[in-house]
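What follows is a short report on a single structure.
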Amino acid sequence: MRDSRYICGKNDGKPKTGYTLKLYAFSTGSSGYTGSALYTYTDNSDGTYYADITTTIKGTFVTTTPTGVTVIPDNLIGVIVQGDNQPTIQPGGTT
């Protein structure tokens, strides 16, 4: 399932390109993640980043700026990201 994220400037709201966005498995440790990145998002050169997620996971997003500063937004620690393994909901609410 394609997951798209938008990176914009905190002060100006303008789209940001050239960043690295990765999704890691969630951990209760101090950083909120563990191990190697499960997905690295592709930069669309318009502030949008995307990855094709194959399995639903609870993860943490880690952003690295072009100058090498790593940021872990509080609202993106321990989020559920849906993958292709989710059942399709048919009209009427049945799977």
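Rule-based calculations on the coordinates, nothing more; no lab input. Only a predicted model underlies this, so the values are computations on that prediction, with no experimental measurement involved. Backbone-built Cβ (ideal geometry, glycine too); neighbour counts: all protein chains shown.
What the table shows:
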| item | result |
| --- | --- |
| Charge context of residue 23, other residues only, Cβ under 11 angstrom, K/R +1, D/E -1 | +2 |
| Pairwise label distance in nanometres, residue 34 with residue 80, each label 7 Å out on the Cα-Cβ vector | 2.1 nm |
| Convex hull volume per residue for the chain, taking Cα atoms only, in Å³ | 128 Å³ |
| Cα centre as origin, Lys/Arg/Asp/Glu Cβ charges: region 1-94 dipole, Debye | 140 debye |
| Most positive-pole-ward Cα, 6, 77, 48, against dipole of the chain from beta carbon charges | 77 |
| Surrounding net charge for residue 33, when Lys and Arg each add one and Asp and Glu each subtract one, Cβ distance under 11 Å | +2 |
| Residue-span extension gain [residue 58 to residue 14] - 0.36 nm each, minus C-alpha spacing | 13.0 nm |
